[in-house]
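J.: Take this structure first; my questions come after.
The values are calculated or read from the model by the stated rules, or taken from the named source; none is laboratory data. All values derive from a computational prediction rather than experimental measurement. Note: ideal-geometry Cβ built from the backbone for every residue, glycine included; neighbour counts use all protein chains shown. Note: accessible area is taken over every heavy atom of the protein model, side chains too, but ligands, DNA and RNA are not part of it. Shrake-Rupley method; radii C 1.70, N 1.55, O 1.52, S 1.80 Å.
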Amino acid sequence: MAAEQHPAPVVRQLRLVVEAADHEAAVAFYRDALGLPEEAAFTGDGDARVVILDAGRATLEIANPVQKRMIDDVEVGRQVAPRIRVAFEVDDARATTARLVAAGASEIAPPTRTPWQSLNSRLDAPADLQITVFEELGAPQERAVDPGHDGDV
């Protein structure tokens, strides 16, 4: 008897849910300063609120501890990242970093050129997130051949 075949699961969206004690400040930072368009907003009983922001294409990057340490060393020069860090690709890492610092983020490391040809900065941001803002510098085929390139960041 042939094994029953099941269709491969299909994931249609990655949605990262972040609790923010100061909801208004977090929404203002990520929507207004970073520029993530508001897709939807909902309210509920007891002042429950959520805003869904469109972050473009999503990926789930799973790194082992050695890779995580290497990224910290390249971007910051020391180990600083918590277990989860959120990275945003932008067109201009320097201008975006300055705008986000002016909007309340704390700069951990300024925009730094990486071996995988991106310009990455590291920030402590609202909602207790550590974020990387990165700008891809080379053509995709140039980044793909670099053995140190670990995806987007």
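J.: Based on this model, can you work out whether Thr59 counts as touching a helix residue (DSSP H, G or I) at 6+ places or on another chain (Cβ under 6 Å) and among the β-branched types (Val, Ile, Thr)?
T.: no
J.: Oh, and also: Kindly provide the set of residues from the range 11-31 that are open to solvent by 100 Å² or more (accessible area, probe 1.4 Å) and assigned to a loop (DSSP other than H, G, I, E, B), ordered by number.
T.: Hits for the range 11-31 are Val11, Arg12, Gln13, Arg15, Leu16, Val17, Glu19, Ala21.
J.: From the list Arg94, Arg85, which one is out of contact with any His (no Cβ under 9 Å at 6 or more places or on another chain) and surrounded by fewer than 15 Cβ atoms within 10 Å (Cβ to Cβ)?
T.: Unique residue meeting the criteria: Arg94.
J.: Same structure again: What are the pairs with Cβ atoms under 9 angstrom where one residue, in the range 54-65, is more than 29 Å from Glu38 (Cβ to Cβ) and the other, located anywhere, is small (Gly, Ala, Ser)? Sequence gap at least six, or different chains.
T.: Ala63/Gly151
J.: Quick check on my filter: what residues within the range 130-139 are open to solvent by 30 Å² or more (accessible area, probe 1.4 Å) and within 13 Å of the chain's Cα centre (by Cα)?
T.: Answer for the range 130-139, where residues must be open to solvent by 30 Å² or more (accessible area, probe 1.4 Å) and within 13 Å of the chain's Cα centre (by Cα): just Glu135.
J.: Assess whether Leu53 counts as being out of contact with any His (no Cβ under 8 Å at 6 or more places or on another chain), closer than 16 Å to Phe134 by Cβ and at pLDDT 95 or above.
T.: No; evaluated as a whole, the condition is false for this residue.
J.: So how many residues does the range 59-75 have that are among the β-branched types (Val, Ile, Thr) and over 16 Å from the mean Cα position of the chain (by Cα)?
T.: 2
J.: May I pose another question? Looking at Glu4, Glu61, can you tell me which residue is acidic (Asp, Glu), in a loop (DSSP other than H, G, I, E, B), at pLDDT below 95 and under 14 Å from Thr132 (Cα atoms)?
T.: Result of the check over Glu4, Glu61: Glu61.
J.: Residues of the range 31-69 being of a type in the set (A, V, I, L, M) and out of contact with any Asp or Glu (no Cβ under 8 Å at 6 or more places or on another chain), which ones?
T.: Matches in the range 31-69: Ala33, Leu34, Ala40, Ala41, Ala48, Val50, Ala55, Ala58, Leu60, Ile62, Val66.
J.: Give the range 7-28 a look and list any residue that's charged (D, E, K, R) and at pLDDT below 95, or say none.
T.: Arg12, Arg15
J.: Does Ala81 satisfy the criteria of being in a loop (DSSP other than H, G, I, E, B) and touching a Pro at 6+ places or on another chain (Cβ under 9 Å)?
T.: No.
J.: Is it the case, given these coordinates, that Val50 is open to solvent by 50 Å² or more (accessible area, probe 1.4 Å), without any contact (Cβ under 8 Å) to a residue 40 or more places away in the chain, among the β-branched types (Val, Ile, Thr) and assigned to a helix (DSSP H, G or I)?
T.: Considered against the rule, which asks whether it is open to solvent by 50 Å² or more (accessible area, probe 1.4 Å), without any contact (Cβ under 8 Å) to a residue 40 or more places away in the chain, among the β-branched types (Val, Ile, Thr) and assigned to a helix (DSSP H, G or I), Val50 comes out as no.
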